[in-house]
Protein chains: 2
Amino acid sequence: MALADCRRIDLPKILDPRGNLTFVESSRQIPFDISRVYYLYDVPGGSERGGHAHRGLHQFVIAMSGSFDIVLDDGGSSERFHLSRSFYGLYISPYTWRYLDNFSSGSVCLVLASANFDEADYIRDYDVFLKEVRARELSGAIL
Amino acid sequence: MALADCRRIDLPKILDPRGNLTFVESSRQIPFDISRVYYLYDVPGGSERGGHAHRGLHQFVIAMSGSFDIVLDDGGSSERFHLSRSFYGLYISPYTWRYLDNFSSGSVCLVLASANFDEADYIRDYDVFLKEVRARELSGAIL
């Protein structure tokens, strides 16, 4: 199941009195090469977003400022993660439905993604998501 | 000169009442592929850092939260940039000496880099930097 592949990954933290430094390198700390970086900001407290899955995209999500929750669902079970510090992140594998909520005011959500934007990679309808997950299970794609 | 290659780059900004979104894609908004992402955080107000150049690394710096200044110097002239919003960033080409100062309390500085960490790529002595810049000029490497 896709949810079993998703996990919190702790990142290196280089402590320095001038400010701390954390880094993420392609296919080292995370299991994919970084192609695209995007971020959510000017987020009103309590906002929600997400509600989609990807067919091929790998992502890694970091709370750069403030905090928020991510709920992951692989069509069989779901799990809620609370992100609140910038020295760890959540890896999200393909075929994982996700939504984000409980944003603190002024939080910044950074996402590293394995490919550039491609609308055809999105599954935006939960019923379509379930159907494709079941088809993959039947085909043995994710045994 | 290297400073002529450095520039502020405005990024796409997708406005949304749930929070705005900005993205950066490898070799699209910025002139290199992203290999490493790192960030400075828990920065005390007024901190300074930097004071080095790279021989081959391309970088793109974004103020994800708060603000700071970056001073760039190509051995011939220097320029100060103030970064304060997350929908633009500063591209820094190889052979550019840089330091960062004037950090606001709690600011977050995000850096996208074209290669993984390599100590041999750093020039940490300003006199060595000037010497290499002069040698490159004589060899016609950056005419």
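The values are calculated or read from the model by the stated rules, or taken from the named source; none is laboratory data. Note that the structure is a prediction, hence the values are computed from the model and not measured. Here the Cβ positions follow ideal geometry from the backbone for every residue, glycine too, while neighbour counts run over all protein chains shown. These area figures cover heavy atoms from the full protein model, side chains too; ligands, DNA and RNA do not enter into them. Shrake-Rupley method; radii C 1.70, N 1.55, O 1.52, S 1.80 Å.
So, residue B:108, is that one surrounded by 21 or more Cβ atoms within 10 Å (Cβ to Cβ) and either more than 10 Å from chain A (Cβ to nearest Cβ) or touching a helix residue (DSSP H, G or I) at 6+ places or on another chain (Cβ under 7 Å) (or both) or not?
Numbers: surrounded by 21 or more Cβ atoms within 10 Å (Cβ to Cβ): yes; either more than 10 Å from chain A (Cβ to nearest Cβ) or touching a helix residue (DSSP H, G or I) at 6+ places or on another chain (Cβ under 7 Å) (or both): no.
Judged against the criteria, residue B:108 is not a match.
Looking only at segment A:71-78, decide whether some residue is open to solvent by less than 10 Å² (accessible area, probe 1.4 Å), more than 9 Å from chain B (Cβ to nearest Cβ) and more than 19 Å from residue A:109 (Cα to Cα). Yes, segment A:71-78 has at least one match. Given the structure, is residue A:61 within 14 Å of chain B (Cβ to nearest Cβ), open to solvent by less than 30 Å² (accessible area, probe 1.4 Å) and closer than 30 Å to residue B:46 by Cβ? When the stated conditions are applied, residue A:61 does not pass them.
Residues in segment B:104-143 that are under 17 Å from residue B:92 (Cβ atoms) and assigned to a helix (DSSP H, G or I): 6 in all. Given the criteria of a type in the set (Gly, Ala, Ser) and without any contact (Cβ under 8 Å) to a residue 24 or more places away in the chain, does residue A:50 qualify? Considered against the rule, which asks whether it is of a type in the set (Gly, Ala, Ser) and without any contact (Cβ under 8 Å) to a residue 24 or more places away in the chain, residue A:50 comes out as no.
Among the residues of this structure, residue B:56 does not count as one that is at pLDDT below 95 and out of contact with any Phe, Trp or Tyr (no Cβ under 6 Å at 6 or more places or on another chain). Of the residues examined, residue B:56 is not one that is more than 8 Å from chain A (Cβ to nearest Cβ), at positive phi, small (Gly, Ala, Ser) and within 14 Å of the chain's Cα centre (by Cα).
Given the options B:98, B:85, B:80, name the one that is at pLDDT 95 or above, under 10 Å from the mean Cα position of the chain (by Cα) and not aliphatic (A, V, I, L, M). Answer to the check: B:98. Among the residues of segment A:5-25, the ones that are in contact with a Pro (Cβ under 9 Å, 6 or more places away or on another chain), closer than 21 Å to residue B:60 by Cα and more than 9 Å from chain B (Cβ to nearest Cβ) come to 0 in all. Just give me the residues in segment A:26-47 being within 10 Å of chain B (Cβ to nearest Cβ), closer than 16 Å to residue A:8 by Cα and not basic (Lys, Arg), in sequence order. A:27, A:29, A:30 - these are the residues of segment A:26-47 that are within 10 Å of chain B (Cβ to nearest Cβ), closer than 16 Å to residue A:8 by Cα and not basic (Lys, Arg). The residues in segment A:89-105 that are over 16 Å from residue A:7 (Cβ atoms), touching a Phe, Trp or Tyr at 6+ places or on another chain (Cβ under 9 Å) and more than 11 Å from chain B (Cβ to nearest Cβ) can be counted, and the count is 3. In segment A:116-142, the residue that is modelled with the lowest pLDDT out of those that are open to solvent by less than 40 Å² (accessible area, probe 1.4 Å) and of a type outside the set (Asp, Glu) is A:140. For segment B:21-53, the set of residues classified as modelled with pLDDT of 95 or more, surrounded by fewer than 18 Cβ atoms within 10 Å (Cβ to Cβ) and touching a Lys or Arg at 6+ places or on another chain (Cβ under 8 Å) consists of B:52 only. Looking only at segment A:94-103, filter to residues that are closer than 18 Å to residue A:36 by Cβ and part of a loop (DSSP other than H, G, I, E, B); which one of those is most open to solvent (accessible area, probe 1.4 Å)? Looking at residues that are closer than 18 Å to residue A:36 by Cβ and part of a loop (DSSP other than H, G, I, E, B), I get A:94.
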